[in-house]
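Q: Submitted below is the structure of interest, expressed as structure tokens.
Coordinate-derived values only; no laboratory data. Bear in mind that the values here come from a model prediction, so they are computed numbers and not experimental data. In this analysis, Cβ positions are derived from the backbone assuming ideal geometry, glycine residues included, and neighbour counts consider all displayed protein chains.
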């Protein structure tokens, strides 16, 4: 019997084997490398398969708020809510210039604060965070000060949110609080630098400063380019600073001792030390930006009009036309941003939001473990505010087994809601 067919089969198998050896395997999972001793995690495919992963419940376990009930349950402008170790929830209401405490079931306990400049008073209550031991940290953006408050509402100390030694020629001033990490309040300063550029530029810069909540000492962590804008000099020491549609810029997240920084231009998250600003790690994906076509711009414009007027058909046509013309006349970037925001949860995991247009439904978070492993995607219930430092939106707190934030109904009434998070 001829052995030719047998040898032909073996030869074919060997050829296929050699061909496979010559072909680079398609990357999958998360690739861990390092650059100058800095760990770099490059995410390619998520760990979770279909039907796997973490989930956030559709309905809240706790809801605090009322349209026309008792005043302690009505909110004017909630900027943050934090959950203490005993389950109590403390809410910062900028509109009422006060902090309110509720028990684990959402029942009112106490309130502290009013408009003013004295201890326990606020002119612009812009941030609320929590320290170890459940001490509260409140930041006032008008008084430029920080108040440390005990879990019962008593003022422990007041600190200025200033860093005179960091002042530049043109000026550097505190703007927004980012988070509380290891006994420090991370504050974003607007840094004008030593000169004003012109054209489409990333200016002014943003400086992250760590304020020691015990001593008040300030440490500059890093300086990053600010959001893209149209800057034009008109006369000596006078300039215009206009919007740049689809502009890129920085955004921050902080929790569990980790300070995360993104630039929305690319899919990369930098983890930096809250003590000295040194780079501790990078989490990234290879994502190409989307071209900002006329069709994309029109979708954005529709979303902006809807956000401003609610129901554009019931708005005055001249007002809609004015808004449309204003946006149409602004300069535009050729490509969309890649990212929108970054959050850090209580375990150190990163929750990254890809960019989305105004008026569109936010996409699921893309979640990465503390070591950079891409786990998968997690959706939030509709109406729950994501929280963006740049826009001063209500903060979102992601715990080990809960998500706590501000939910807004169709009447624009705010509620503080806590949802179960199943990991």
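Q: Rounded to the nearest 500 deg cm²/dmol, what is the calculated helix-only ellipticity per residue at 222 nm for the chain, with -39500 (n - 2.57) per DSSP H run of length n ≥ 4?
A: For the chain, the value works out to -3500 deg cm²/dmol.
Q: I've got another one for you. Please report the Cα spread of the range 133-206 along all three principal axes, rounded to whole Å, starting with the longest.
A: Result, largest extent first: 51, 21, 21 Å.
Q: Could you put 412, 134 in order, starting from the residue whose Cβ has the fewest other Cβ atoms within 10 Å?
A: Going from least to most buried by this count: 412, 134.
Q: Rounded to two decimals, what ratio of Rg to Rh does the chain give with C-alpha atoms and a Kirkwood Rh?
A: 1.05
Q: Assuming a viscosity of 0.692 mPa s and a temperature of 37 °C, what translational diffusion coefficient in µm² per second does Stokes-Einstein assign to the range 245-340, Rh being the Kirkwood radius over Cα pairs?
A: After rounding, the answer is 206 µm²/s.
Q: Kindly express, to the nearest 10 degrees and within the range 0 to 90, the angle between helix 317-328's C-alpha long axis and the longest C-alpha principal axis of the chain.
A: 60
Q: Let me ask another. Using alpha-carbon pairs under 8 Å, 6+ residues apart, how would you state the relative contact order of the range 336-383 in percent?
A: Relative CO of the range 336-383 lands at 27 percent.
Q: If I fit a long axis through the Cα atoms of helix 4-22 and take the longest principal axis of the Cα atoms of the chain, what angle between them do I get, 0 to 90°, rounded to 10?
A: 30
Q: Based on the inverse mean of 1/r over its pairs of different Cα atoms, what is the Kirkwood hydrodynamic radius of the range 58-159, in Å?
A: One decimal place: 13.7 Å for the Kirkwood radius.
Q: What translational diffusion coefficient, in µm²/s and rounded to a whole number, does the Stokes-Einstein relation yield for the range 353-423 at 37 °C and a viscosity of 0.692 mPa s, taking the hydrodynamic radius as the Kirkwood radius over Cα pairs?
A: For the chosen part, D equals 245 µm²/s.
Q: Quickly rank 251-259, 278-286 as a protection proxy: mean count of other C-beta atoms within 10 Å, highest first.
A: 251-259, 278-286
Q: Quick check on the exposure proxy: order 309, 75, 368 from fewest to most C-beta atoms within 10 angstrom.
A: 309, 75, 368
Q: Next question, about the same structure. Shape verdict for the range 35-79, please, from the Cα gyration tensor: rounded (a/c under 1.5), prolate (a/b greater than b/c) or oblate.
A: It is oblate, given that a/c is not under 1.5 and a/b is not larger than b/c.
Q: Compute the Cα gyration tensor for the range 218-274, then decide on rounded, prolate or oblate, letting a ≥ b ≥ c be the square roots of its eigenvalues: rounded whenever a/c is under 1.5, prolate when a/b is larger than b/c in the other cases, and oblate in all that remain.
A: Oblate.
Q: Here is a follow-up. Which ordering of 327, 203 is given by a fewest-first count of other beta-carbon atoms within 10 Å?
A: 327, 203
Q: Then there is this: Give me the angle, in degrees from 0 to 90, between the Cα long axis of helix 294-309 and the longest principal axis of the Cα atoms of the chain, rounded to the nearest 10.
A: 30
Q: Moving to a separate point now. Taking the Cα-to-Cβ direction at residue 275 and at residue 299 and moving 7 Å from each Cα, how far apart do the two end points lie in nm?
A: 4.6
Q: If you project the alpha carbons of the range 79-226 onto their three principal axes, what span does each projection cover, largest first, in Å?
A: 53, 28, 26 Å, listed from the longest principal axis down.
Q: Using alpha carbons only, what's the Rg to Rh ratio of the range 274-396 with Rh from Kirkwood?
A: 1.04
Q: Rounded, prolate or oblate for the range 147-265? Axes are the square roots of the Cα gyration tensor eigenvalues, ordered a ≥ b ≥ c, and the cut-off for rounded is a/c under 1.5.
A: prolate
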